[in-house]
1. Can you pull out every residue in region 129-153 that is of a type outside the set (V, I, T), buried (at least 16 other Cβ atoms within 10 Å of the Cβ) and in contact with a Phe, Trp or Tyr (Cβ under 9 Å, 6 or more places away or on another chain)?
2. Return a yes/no flag: does region 82-105 have any residue that is part of a helix (DSSP H, G or I), crowded, with 20+ Cβ neighbours inside 10 Å and aliphatic (A, V, I, L, M).
3. So the check is Cβ under 9 Å with 6+ separation or different chains; which pairs have a first residue in region 124-152 that's more than 30 Å from V45 (Cα to Cα) and a second one that's among the small types (G, A, S) and surrounded by 16 or more Cβ atoms within 10 Å (Cβ to Cβ)?
4. Scan region 7-41 for residues that are part of a loop (DSSP other than H, G, I, E, B), of a type in the set (A, V, I, L, M, F, W, C) and surrounded by fewer than 18 Cβ atoms within 10 Å (Cβ to Cβ) and report the count.
5. Is it fair to say A64 is closer than 30 Å to N4 by Cα and hydrophobic (A, V, I, L, M, F, W, C)?
6. Tally time: how many residues in region 16-44 are in contact (Cβ under 8 Å) with a residue 60 or more places away in the chain, under 14 Å from A143 (Cα atoms) and not β-branched (V, I, T)?
Amino acid sequence: MDTNEVIQSIITLFSEAYAGPANPTATWFIDNEPDSGILGIIAGVSAFQASWSTKNNDPGTSIAANVEHLRWSLVATNRALEGDAYQGRWRESWNTLGVDETRWQQLQNELRKEYERLVANLGKQTDLTGDALTGVMALLPHAAYHLGTIRQQLERAREHSI
């Protein structure tokens, strides 16, 4: 199997999860609407909605917590692809619950930056095998899971703020 072809497929699916479909008439797994990827969905979310918790401020129960968790996972993957040792201390990725407008905008920008950094890092790979390949491929269902979670949390937050 051609490594470049595998990497391009991963980039295509990863980009769909984060940036949304390149061609809305032909998507692989998300809605075919504009801004249906993670970055598009969270762009329309207020800090209040991002901070609203589904379970009395438990970690992981807000949109902001999920976005920080995604950002953290991309940072860890980027560092590993850039040659650093992988740091899989996932518990620390759930330290965010609430955000103000400034921090929410910053967090969205940081997530976009890490997404773009990962796409660039993937494009530089000439040999992606073993744990590195498995780790990168794991980002795809991970992003899809959190996309669904964020969409559900947003519906609940909108109901709560009405």
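1. Correct list: G135, L139, L140, A143, A144, L147, Q153.
2. Checked region 82-105: no residue is part of a helix (DSSP H, G or I), crowded, with 20+ Cβ neighbours inside 10 Å and aliphatic (A, V, I, L, M).
3. Within 9 Å, the pairs are D131/A80; A132/A80.
4. 4
5. So A64 does not fit the description; no.
6. Step one: of region 16-44, the residues in contact (Cβ under 8 Å) with a residue 60 or more places away in the chain are 17-19, 29-30, 37-39, 41-43.
When the remaining residues are screened for being under 14 Å from A143 (Cα atoms), the result is 17-19, 29-30, 37-39, 41-42.
Subset that is not β-branched (V, I, T): 17-19, 29, 37, 39.
Residues that pass the stated criteria total 6.
A short reminder: the numbers here are calculations on the coordinates, not readings from a lab. Only a predicted model underlies this, so the values are computations on that prediction, with no experimental measurement involved. So basically every Cβ, Gly included, is an ideal-geometry build from the backbone, and we count neighbours across all protein chains shown.
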